[in-house]
């Protein structure tokens, strides 16, 4: 009988000592579940689909908050073509918050018939929606450095011709065709020498002041020379 009592007392002591350990383990398990990433918030997106950023961030769902690395998530968000910068914060209550700075599209690149948005540095961002009212660059798909250079020169080209650009087509290296909003014919130019357009504009103004017909084309690619292709005379009718 005394042996049975001793065993019962031993089990009681063991149970009493084990209870705090079990309580700690239960609390740890509860906290582990509670402190997992469970939600993502994205702010700062106005032009592009937020779901692309959300997809990146959702890879952290279910990860313990202490193991979710904000720097890694930020790097993956910044790898998206249209993201200029991003900040990512992981809170202990399991919420990932991402603030995005978008790249600003200023032109549309048309490569093999596919229009894509471009930022000022020439980065391809995303497909362009039909009817996008931006400067269009065509034929630069295999020459991204030239595309970036032409885009950087666009403002100066507009200033020298005194008109807004609507289209730039690549003919060859240093040879482009410029389409201006209020000029009803193409202007050939060297984008590395926009100042040549100033002289070409003077020649055109003199041409039009002489009541000559509107030209078919103005060529300002050769420094110091401007070639005006006149429209053919109207056909005589019997």
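The values are calculated or read from the model by the stated rules, or taken from the named source; none is laboratory data. Source: prediction; values computed, not measured. Backbone-built Cβ (ideal geometry, glycine too); neighbour counts: all protein chains shown.
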Test: residue in segment 149-159 that is surrounded by fewer than 19 Cβ atoms within 10 Å (Cβ to Cβ), touching a strand residue (DSSP E or B) at 6+ places or on another chain (Cβ under 7 Å) and within 30 Å of residue 228 (Cβ to Cβ): yes
Search result, residues across segment 44-65 that are crowded, with 19+ Cβ neighbours inside 10 Å and within 18 Å of residue 116 (Cα to Cα): 48
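Restricted to segment 105-115, and to residues that are surrounded by fewer than 19 Cβ atoms within 10 Å (Cβ to Cβ) and farther than 14 Å from residue 167 by Cα, which residue is nearest to the chain's Cα centre (by Cα)?
114
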Yes/no for residue 177 being farther than 17 Å from residue 47 by Cβ and outside any helix (DSSP H, G or I): yes
Answer residue from segment 74-92, given it is within 17 Å of residue 35 (Cβ to Cβ) and in contact (Cβ under 8 Å) with a residue 24 or more places away in the chain and is surrounded by the most Cβ atoms within 10 Å (Cβ to Cβ) among those: 90
Breaking point among (1) part of a helix (DSSP H, G or I); (2) out of contact with any helix residue (DSSP H, G or I) (no Cβ under 8 Å at 6 or more places or on another chain); (3) more than 22 Å from residue 116 (Cβ to Cβ), for residue 188: (1)
Any hit, segment 135-148, residues being loosely packed, with under 13 Cβ neighbours inside 10 Å, part of a helix (DSSP H, G or I) and not assigned by TED's automatic domain parsing to the domain that holds residue 44: yes
Residue tally, condition closer than 14 Å to residue 40 by Cα and part of a loop (DSSP other than H, G, I, E, B), over segment 54-68: 5
Any hit, segment 74-88, residues being touching a helix residue (DSSP H, G or I) at 6+ places or on another chain (Cβ under 9 Å), under 29 Å from residue 148 (Cβ atoms) and assigned to a helix (DSSP H, G or I): yes
Unique residue being outside any helix (DSSP H, G or I) and either in contact (Cβ under 8 Å) with a residue 40 or more places away in the chain or more than 29 Å from residue 49 (Cα to Cα) (or both) when the list is 202, 221, 159: 221
Residues that are in a loop (DSSP other than H, G, I, E, B) and out of contact with any helix residue (DSSP H, G or I) (no Cβ under 7 Å at 6 or more places or on another chain), drawn from segment 121-134: 123, 128, 129, 130, 131, 132, 133, 134
Test for residue 187: is it assigned by TED's automatic domain parsing to the domain that holds residue 214, over 26 Å from the mean Cα position of the chain (by Cα) and either surrounded by fewer than 18 Cβ atoms within 10 Å (Cβ to Cβ) or over 28 Å from residue 82 (Cα atoms) (or both): yes
